[in-house]
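All remarks here apply to the structure that follows.
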Amino acid sequence: MKKTPFLFIISFLYFLLSGCGQVEPDTINNGIRPVKMSTSESQQTIDQDEANKAKNILLKKDQVKLVRSVQSKDLLIAAVELEHWNTFKSKILTKEMKKTLEKEINIKNVEVTTDHKIFIELEKLEEKIINHDISKKKLDKELQQINQLMKEQT
């Protein structure tokens, strides 16, 4: 009778320890990961230096909470999310921000908005640029569409 609990405990420990000793899948293939294939057109790096500069300029303002900005050859669009109490002065603030960016940034057309829909669209574009999922031509086209959407809403 005393052998039954002892055998039960031994078999339980055996199964517990044998389950914990499994090899991780990452160590099997020695860290080799599949490479994401993309077309040569989308492998081009898209310069976003001026857009990043615009983000830094706008984030220095106390009224600004978040900024998304994307640039093409001759257009920069920045979408700004303001602190709660500053949303009442959004038109005045966007005009001031646009003037500041026009002085600081070397791009022909600069647009600033507080529209959340534009903010989301620019966030999607930034992700595509970071992941190299968009070409320069397609970026120009999408930025023009966003610019047209901004003008229609006003």
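Where a number appears in this text, it was derived from the coordinates with a stated rule and is not lab data. Quick caveat, the model's predicted, so the values are computed rather than measured. Note that each Cβ is placed from the backbone with ideal geometry, even for glycine, and that neighbours are counted across all protein chains shown.
Each residue, Lys138 and Leu66, gets one label point 7 Å from its Cα in the Cβ direction; the gap between the two is 2.4 nm. Could you tell me which of the pairs Lys53/Lys73; Lys61/Lys99; Lys55/Lys128; Lys117/Lys141; Lys65/Lys137 are separated by over 20 angstrom between their Cα atoms in the structure shown? Cα-Cα > 20 Å for Lys65/Lys137; rest within.
Look at the alpha carbon pairs under 8 Å that are at least 6 residues apart: their mean separation over the length of the range 49-153 gives a relative contact order of 29 percent. Secondary structure note: in the range 49-153, about 60% of the DSSP beta bridges are antiparallel.
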